[in-house]
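Shown next, in structure tokens, is the structure this report addresses.
The values are calculated or read from the model by the stated rules, or taken from the named source; none is laboratory data. None of the values given here were measured: they were computed from a predicted structure. Here the Cβ positions follow ideal geometry from the backbone for every residue, glycine too, while neighbour counts run over all protein chains shown. Side chains included, ligands, DNA and RNA excluded: accessible areas come from the protein's heavy atoms. Shrake-Rupley method; radii C 1.70, N 1.55, O 1.52, S 1.80 Å.
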Amino acid sequence: MPCMRTESPRLLARLAGVSFLLTILGGLIAQGYISNGLINFADPAATANNILAHRQMFEIGFTIFLIEMACQLITTGLLYTLLKPVNHTLARLMLLFEMMAITIKTFARVFYIMPLWVLESPNALNGMEQGHLQHIAMLLLRLDNYGAQTALAFFGFSTLIGGYLVFKSGFLPRWLGVIGMISAFGWLTYIYPPLGRQAFLYASLFALLGSAAKIFWLLVFGVDEEKFRAVEAANSY
């Protein structure tokens, strides 16, 4: 069956750059600013007070988390479309790993918003003491955190495959593929969570720099359309 011709690959690349940028910004705001600013895993009481005192900000954080995942879905679809001419099988595998990661991370965000219900609806939990409610809220926040960490391992697999496809593509710089593959090994440390937590700072900083480089290239240069068409024609079947 012949492969359909991809329309406007340079435009698709730039759209991927925009959605990727929104994904990164969403994560930095929701996790780096809002969540990390309100949640102290060592102090359930202070965390509960922060959530109740800044209820609207906490809810905005949840909204941004969902927008982040929506943008990641868009980015995934666009990058799959761009990279599938390089290797159809690997591109599908990349897509599956990415979708698994997005599903896990999105489901985990349910646990992020649930503490607000626990803290504001004590009667629903048979009049439990405030201290017990605070610890239940903290347990839910930890589930959210562990779920997001689990997703990172699957993002590692998809990033590794995506980096290889970029490296082999010819219509994107090879160095972008190398950076992607190196970043992937940082996220793959979450296959063993204690190692992942130790490596998180270094893995996240390198991944952020790599993402910034990829976003810049996609937005400014897109893809080499002539080479893209050559790869698409050579690998169509």
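Below, the figures for the structure above:
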item	result
Efficiency of FRET from Cβ geometry, Leu93 and His132, R₀ 35 Å, rounded to 0.05	0.20
Mean separation of Cα contacts under 8 Å (6+ apart) over length of region 146-237, as relative contact order %	28 percent
Most positive-pole-ward Cα, Ile74, Thr103, Leu93, against dipole of region 46-112 from beta carbon charges	Leu93
Cα-projected label distance for Lys168 with Asn235, points at 7 Å along beta-carbon direction, nm	0.6 nm
Glu226, Glu59, Glu129, Glu120, ranked by accessible area, largest first (probe 1.4 Å)	Glu226, Glu129, Glu120, Glu59
Cα-projected label distance for Arg10 with Val110, points at 7 Å along beta-carbon direction, nm	4.5 nm
Ratio Rg/Rh, restricted to the chain and using Cα atoms, in which Rh is the Kirkwood radius	1.06
Choice from Ser169, Ser183, Ser204 showing the highest fluctuation, given a GNM over the chain with Cα pairs closer than 10 Å	Ser204
Part-to-part distance (alpha-carbon centres) for region 6-47 and region 161-197, which is given in Å	19 Å
Residues of type aspartates and glutamates that Lys227 reaches as a straight line, Cα spacing below 20 Å, ignoring anything fewer than 8 places off in the same chain	Glu7
Mean Cβ count within 10 Å, highest first, over the residues of peptides 27-36, 40-49, 74-83	74-83, 27-36, 40-49
Most to least accessible of Phe228, Phe157, Phe107, Phe62 (protein chains only, probe 1.4 Å)	Phe107, Phe157, Phe62, Phe228
With all protein chains modelled, accessible area of Leu209 [1.4 Å, Å²]	130 Å²
Acute angle (nearest 10 degrees) that the helix 9-27 long axis makes with the longest principal axis of the chain, alpha-carbon atoms	20 degrees
Cα coordinate range in region 142-210, projected on the principal axes (Å, largest first)	42, 18, 16
Label-point separation, Arg55 to Lys227 (7 Å along Cα→Cβ), nm	5.5 nm
Listed residues Tyr202, Tyr192, Tyr112 arranged by accessible area, highest first, probe 1.4 Å	Tyr202, Tyr192, Tyr112
Sparsely packed trypsin sites (Lys or Arg not before Pro) within region 70-144, loop by DSSP, other Cβ within 10 Å at most 14	none
With all protein chains modelled, accessible area of His135 [1.4 Å, Å²]	120 Å²
Extended-chain gain in nm, criterion 0.36 nm per residue less alpha-carbon gap, Leu143 and Phe216	22.9 nm
